[in-house]
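Some notes on the structure that comes next.
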Amino acid sequence: MSIGHALLGLLESGPRHGYDLKRAFDERFGHDRPLAYGQVYSTMARLLKNGLVEVDGIEAGGGPERKRYAITDAGVTDVESWLAQPEKPEPYLQTTLYTKVVLALLTGRPAADLLDTQRAEHLRLMRELTRRKTAGDLADQLICDHALFHLEADLRWLELTSARLGQLAAEVAR
Amino acid sequence: MTAPAEPLLTATGLRKSYGPTPALDGADFSIRPGEVVAVMGPSGSGKSTLLHCLAGIVRADAGDVRYDGRSMAGMSDGERSALRRADFGFVFQFGQLVPELTCLENVAMPMRLSGTKRRAAEKQAALWLDRLEVADVAGKRPGEVSGGQGQRVAVARALVSGPRVVFADEPTGALDSLNGERVMRLLTEAAHDTRAAVVLVTHEARVAAYSDREIVVRDGKSRDMERAA
Amino acid sequence: MSGRLAYGSAPAPAPAPERPAGVRVWARDLALGARFAAGGGREGWTRTVLTAVGVGLGVALLLLAAAVPATLNSREHKRQARDTSAAAYVAKPSGKSLLIADVGTVWHGQQVGGALLKAEGAKPAVPPGVAELPGAGDMVVSPALRELLRSTPLLRERIPYRDTGTIGHAGLMGPNELMYYAGSDRLTARDADYQHGNAKRITGFGEHITSDALTPVLDLLLIIMLVVLLLPVAVFVGTAVRLGGERRDRRLAALRLVGADIRTTRRIAAGEALLGSVLGLGAGAGFFFAGRQLAAHVTIHDISAYPSDMTPNTALTVLIALVVPLAAVAVTLISLRGTAIEPLGVVRHGLGRRRTLWWRVLVPLAGLALLVPLFGSVTGNDAHVNEYQTATGAVLLLFGVTTVLPWVVEAVVGRLRGGPVAWQLAIRRLQLNHGSAARMVSGVTVAVAGAIALQMLFASVDGQFVHATGADASRIQATVNVPAADARQAAAVTEKVRTTPGVARAYGFTDSRATQPDAATLRDGQDVAYIPLVVGDCDTLRQMAEIGSCKPGSAYVVPSTDRFAGPSPNADLAKYARPGKRLDLNVGPTPYRGTPRLWTLPSGTRAAVSRTDPRGQRNWGVFVTPEAVDASRLADPTTVVMVNLDPGTQDAVEYLRNTGAALGPEAQVSSVSNFTTQTQYAQLRRGLFVGAALTMALIGASLLVTMLEQLRDRKKLLAVLVAFGTRRTALAWSVLWQTAVPIALGLVLACAGGIGLGAALLAMVGEAFHVDWGIVARMSGIGAAVVLAVTLLSLPPLWRLMRPDGLRTE
Ligand SMILES: Nc1ncnc2c1ncn2[C@@H]1O[C@H](COP(=O)(O)OP(=O)(O)O)[C@@H](O)[C@H]1O
Ligand SMILES: [Mg+2]
């Protein structure tokens, strides 16, 4: 998953200090793996270099953790296109998708569309696998079926999340 | 994929209420000849209602269904029955076979209703049972065959009169994975061979994966996933 | 796999537009329906067989009704062919002539027809069914009488002739008719004035008086009997063709899905009904022919009929064969009117709409309105019964019970609440589906109502037969009449009667008459005084008048008390019957013949007041003891013996009849007792109970099938209920309540309707309202027993259905 996009998304609601960013990230997405400070600053440095964020100000008594970052227009566009882009269906996708959904909700973007897009992508792959399966031999069939069952599980998760968007939005807004 | 052709069956702005709660709240739909369209969505969202409206079994409160350029709203019961007889085929979750008739007679029924002589109808029915790999249950009653066999008999019946649209509502809903796969493979292959369009209502992604295109219904509203992507 | 493409090119039939259904389409759909009726495994067959049996019973009854006119006609023809009552007087014997004397008698309440015959020439006429006249002391008998004589020595004593032949079919109205012709050489012809002989001279048989075959009351009974038997069967047929209705509707819905239009489904349903009713026609013919053979063994009011005489009218038969299947189809189509069979299932119209009461009540009221104008019209023997009005009224009244029933069931069941689980399950089910619950029991209801009404009518009609004589059965129980016996013979006759076993007391007297002394001199056409003359001992005279002191030689003048006779009898008495005055005993037909036989009233003749004699009659005239008059001079005397029987002696009246028979063909014994009619009533009652029980058994069978069908439909639900711990007994109770509640309501209505119709019928025959509650209780009991039996019979299948494997989907 892309930490840079996540941090960018968090900045959309307003400029933050690097320390704040880490705390916000951990709170929302870092349930089992808190972000290291070093990772935050190296990521921010990369974003700064690409012109997706800018330094909004430095507090007195400065150290690197006292820098305040703000998102640029280019940064907003980048988040936008990341969210709209369906992920390539693969295992353990849900962390990324979850991040995307939460960020969409946070930034007031249509999260349902995001899920539907992803769902269409999943189904597209499933169709392809199904086609391969019906044309192939038994080995093909077994392999395809394995993938299909996993994809189906993801898809069911997508459906369930769609059905619970309202609930999630309320929670995110808290 | 099918070549872009004129849609065979279209619906626009369908509304249907049972009592105060709407089952369909402005749903759209279209299908081209030979296309397999999956209709997905949570249970109670209005999938079956949409299918019934499309097939002319249920009259919508508002909106129009056009089949082959004709509006179904204005058709009499007799005309709609004739459509069901000749142009449509149906596969439901279960219980659509007549328990008193043998499987062969069940399959022959649509043709006989259209005026085909018994002998000819049953010959054709036997071919279809064979094709759906259930020739051995021809003489049995629906109560005496397994769920998977019963569904395949139902598919045979849906296809026997050479329909242009097959409506399938959770055709694998009562089957295990293996039997479900088998029914879906046979259904889509046969539909493809006869260039029949299939409206496939299901809540299972693996079943929907047999489709060319997907429509999602939520709270009575339809959503064309091709356009969303 | 490559061969598959062949299917792809399967010719798709062109979409068939709505076209008028041709004969072939009809044939196809009807055949398909018949296929459904015959197929569908054991259950389907049960349903079809029940329908066939129900329709069959209806058809058999209709055929019976169609045979009634022919049967009565043929009976009437046979009766006329042997009748001689209207034969003109034949003065001289001829080669063809014979003498005949009616010696009909009664044995244990059954009529035994009999005639003594004596040929006068070489080629005498013979009665129908008899090849040759029996010689003196010989007789020809009907098979039934021969059978009876064999087992009853007492009757054999009365009919002692040698059995030399059998009376054939042509001479008998029915196989159970008791009849004999005996040869006798003791017959002498009566003269032109119907006097002095004991037999009539005839030259042939068949001189008849036309008469109505049935009295109005019997006519009414017959109509009501047919209505009461037919209506439950009709209701049953209505239910039977609806058997399996829910299943059929689902089947038709499945056909609708694959493109059958509404008219096709109707045709298929018609086909289903048609098979049942056509089989029913066959069954009905079978029942009728079988029942006709049985009819030979049945005697109602001395009426039995030969099976071969019970031939249904051809036109009516054809009508039945056409109308019954059409009616079955019509009932089916009407029952489909309220339901729209859609591809996704069945939509019942008017569900949730409350039933309206007014037109339902209107039906029985209309029936009553038809009957009310007929109240009091069916009395006497020449009243005319308006069959159509009566039948229509009765049908509407009874049918009204079934129209009101669904409303009552809905109204009552809708108000029931709470209770234990079993009760709640049953009530909820009834609330959801009260229509079919009411339909289920309507047959029983109509049967009970009809039976109650019929029983009431029977009871009262029988009462009429019993009490019509007005005789005082406590004073005497029989009379013996011997015409042409003069007063000397009277003593002998009385003595013979008195010594008969079982006779406690016998009052014998001689009836004769006297007139004014100058009667011989009157011109022809002038009024002649008519004064009855009664000759009997003091004891006997006391039975007939308040005579006070009496000794041999006493004489009394007893004025008439008949207010309607006018003044002339008493005026004649006052003028001519005075002590010491003379009266002429030679009273014969006018003009006066012979010489006057004058007799002087004793000077001690007193006046006395008449009293009702044991026969129920009031006598008047001159009453004298035998010592006061020369018995041999009496004109045209008839000896009458009033007999008081010993109640302790069995068959006393039969011994008396034997004595009467021994006295000669002219002697007549008539019984005043009423025990004979009672046995007939008991027989009828038994027959009716059997009929009602059979009808209800049939209805019970259909109830059972409906019940099992409902249970099977709810198999999964039952299994689920059991799975989460509902006790089986609770489910059994719920099944019981489900039938018992509608039946109880139905029986209440049935009693009301039955008593209502019974009361109307009683009013028609002019009888007082009277309910035999025993009958009501017994009929209701049969109805309740049917329900209990149905519930018990449905328990084993219920147990089987409740096994956990019911949870499996089909
Ligand atoms: N015959 C009916 N009567 C009343 N309500 C109905 C009927 N059919 C469907 N509904 C209601 O309409 C809604 C949509 O039903 P349906 O089309 O069967 O959903 P799905 O097939 O997607 O599960 C549901 O809320 C359902 O309760
Ligand atoms: Mg559905």
Q. Separation between the C:Gln617 and C:Val361 pseudo-spin-labels, each 7 Å from Cα along Cα→Cβ, expressed in nm?
A. 5.6
Q) According to the square roots a ≥ b ≥ c of the eigenvalues of the Cα gyration tensor, what is the shape class of the range C:155-207, taking rounded for a/c under 1.5, prolate for a/b larger than b/c otherwise, and oblate for the remainder? A) oblate
Q: Report the relative contact order of chain B, percent, no decimals, based on alpha-carbon pairs under 8 angstrom and at least 6 residues apart.
A: 30
**Q.** Estimated 222 nm signal from helices in chain B, with DSSP H stretches of n ≥ 4 weighted -39500 (n - 2.57), rounded to 500
**A.** -10500 deg cm²/dmol
Q | Average Cα contact separation per residue, the range C:478-673, under 8 Å, 6 or more apart, as relative contact order % | A | 40
Q: Sort the range A:3-84 into rounded, prolate or oblate with this rule: let a ≥ b ≥ c be the square roots of the eigenvalues of the Cα gyration tensor; rounded if a/c is under 1.5, and if a/c is not under 1.5, prolate when a/b is larger than b/c, oblate otherwise.
A: oblate
**Q.** the protein assembly as shown: proportion of alpha-carbon pairs further apart than 45 angstrom, %
**A.** 60
Q: Quick one: which residues, 5 or more positions from C:Leu178 or on another chain, have an amide H under 5 Å from its amide H? H modelled 1.01 Å from N in the peptide plane, none for Pro or chain starts.
A: C:Gly113
Q.
What does the net charge come to around A:Arg16 if you take all other residues with beta carbon closer than 11 Å to its beta carbon, with K and R at +1 and D and E at -1?
A. +1
Q | Residue with peak Gaussian network fluctuation, chain B [Cα springs, cutoff 10 Å], from B:Gly139, B:Gly89, B:Gly46 | A | B:Gly139
Q: For the range B:1-106, just the Cα set please: Rg and Dmax, both in angstrom.
A: 15.0, 43
Q | Spherically averaged projected area of chain A from its Cα convex hull (nm²) | A | 11.5
Q. Over the range C:84-202, what is the percentage of antiparallel beta bridges among all DSSP beta bridges, to the nearest 5?
A. 55
**Q.** Cut-off under 5 Å, modelled amide H: who pairs with A:Tyr69 long-range
**A.** A:Arg16, A:His17, A:Gly18, A:Asp56
Q. For the protein assembly as shown, list the cysteines whose Cβ sits under 4.7 Å from no other cysteine Cβ?
A. A:Cys144, B:Cys53, B:Cys103, C:Cys751
Q.
Looking at the protein assembly as shown only, what percent of DSSP beta bridges run antiparallel? Nearest 5 please.
A. 70
Q | Dipole moment magnitude, nearest 20 debye, the protein assembly as shown about Cα centre, only Lys, Arg, Asp, Glu C-beta charged | A | 280
(Q) Can you give me the orientation-averaged projected area of the convex hull built on the Cα atoms of the range C:478-673, in nm²? (A) 11.4
Q: First select every other residue whose beta carbon is under 14 angstrom from the beta carbon of B:Val160; then total the charges, Lys and Arg +1, Asp and Glu -1.
A: +4
Q | Nonlocal amide H pairs with B:Phe167, under 5 Å, H built at 1.01 Å | A | B:Gly89, B:Phe90, B:Val91, B:Val199
Q. Once the Cα gyration tensor of the range C:84-202 is found, what semi-axes does its equivalent ellipsoid get, as square roots of 5 times the eigenvalues, in whole Å, sorted largest first?
A. 25, 15, 13
Q. Of C:Ser85, C:Gly95, C:Gly113, whose Cα points farthest to the positive end of the dipole of the range C:84-202 (charges on the beta-carbon: +1 Lys, Arg; -1 Asp, Glu; origin at the Cα centre)?
A. C:Gly95
(Q) Quick check on my link table: of A:Lys88/B:Lys47; A:Lys100/A:Lys133; C:Lys551/C:Lys581; C:Lys96/C:Lys200, which ones sit more than 25 Å apart, alpha carbon to alpha carbon? (A) A:Lys88/B:Lys47; A:Lys100/A:Lys133
Q.
Suppose every Lys and Arg Cβ carries +1 and every Asp and Glu Cβ carries -1, with no other charges. What dipole size does the range C:84-202 come out with about its Cα centre, to the nearest 20 debye?
A. 160
(Q) Give the residue list of trypsin sites (Lys or Arg not before Pro) in the range C:551-658 that are DSSP loop and have at most 10 other beta-carbon atoms within 10 angstrom. (A) C:Arg593
Q: Quick one: what are the phi-derived ³J(HN,Hα) couplings along the range C:700-711, Karplus 6.51/-1.76/1.60 with θ = phi - 60°, whole Hz, x for glycine and proline?
A: x, 4, 5, 4, 5, 5, 4, 4, 5, 4, 4, 4
Q | Taking chain A and dividing mean pair separation by its residue count, relative contact order in percent (alpha carbons under 8 Å, at least six apart) | A | 21
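Only the coordinates and a few stated rules stand behind these numbers; no lab work does. Keep in mind it's a predicted model, so treat the numbers as computed, not measured. All Cβ positions, glycine included, derive from the backbone under ideal geometry; neighbour counts span all protein chains shown.
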